[in-house]
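Below is one structure, written out as structure tokens; the observations come after it.
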Amino acid sequence: MSTICIPFVLGPLENNTYLVLDTETGEAVVVDPSYDSEIVLTEIQQQGWRLTQIWLTHAHFDHIAGVKTIATSVEPAIPVGLHPGDLVLWKQNGGAPSFGMKIDRGPEPSIFFAHSQILHIGNSTLEVRHTPGHTRGHVSFVCHSAGFALCGDLIFNGSVGRTDLPGGDSNALMNSIHSQILTLPPTTRLYSGHGLETTVGEEIRTNPFLK
């Protein structure tokens with residue numbers, strides 16, 4: 001079994017959109033599709049992979065701006081997954097109006113994540129971890145077999161997620177980081193919503209916000 005994660009840096013906020021692929025079956029999921037997600041679709045089509053779902057770590061506008069593009073690229077539209085704690089934020093277009101932005105949020109989520117839920121991509125499995133703090137319904141996706149975690153805007157290379165937006169909670173954020181991310185093996189690769197990848201061990205050693 002082989003699970004790989006392919007990053008795409010997209011849009012004006014340089015979002016990391018991820019394509020998670022089970023190489024044995026060619027089944028793929030897109031995580032946090034942002035602006036310009038046509039680039040991801042082109043890669044999927046060129047490689048002949050089969051796109052089955054969209055997973056959202058949270059519902060901020062820059063992480064959902066490409067949902068419609070990805071979801072409606074096939075017929076019928078592929079399902080979208082979100083934690084129910086972020087449904088209100090999703091219905092508010094991810095807060096886009098507050099930043100003078102406009103998006104078409106696309107199909108309503110029909111998969112609702114829960115803590116410890118196991119998700120499947122072909123023969124691969126990932127664990128959902130509810131990691132609130134940046135938003136109420138923020139989640140991370142952990143692939144134990146391949147040693148990586150998709151962390152959204154919870155933790156970054158040398159930084160942590162902001163908590164000054166509606167639904168943010170600094171105490172909850174730090175608790176999520178310490179209980180759900182830093183407890184993973186030190187070699188676990190962390191794929192964040194923005195910026196370069198890092199590892200659990202690197203953040204424990206060097207992240208100034210975790211001291």
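Only the coordinates and a few stated rules stand behind these numbers; no lab work does. Source: prediction; values computed, not measured. Glycine gets a Cβ as well: all are built from the backbone with ideal geometry, and neighbour counts include every protein chain shown.
Straight-distance candidates among the aspartates and glutamates for linking to K68, with alpha-carbon spacing under 19 Å and chain neighbours fewer than 8 residues away dropped: E14, D32, D36, E38, E43, D86, D104, E108.
Stretching the chain fully between L165 and E14 yields a gain of 52.5 nm (0.36 nm per residue, less the alpha carbon separation). Distance between the pseudo-spin-label points of N157 and E38 (7 Å out from Cα toward the beta carbon): 2.9 nm.
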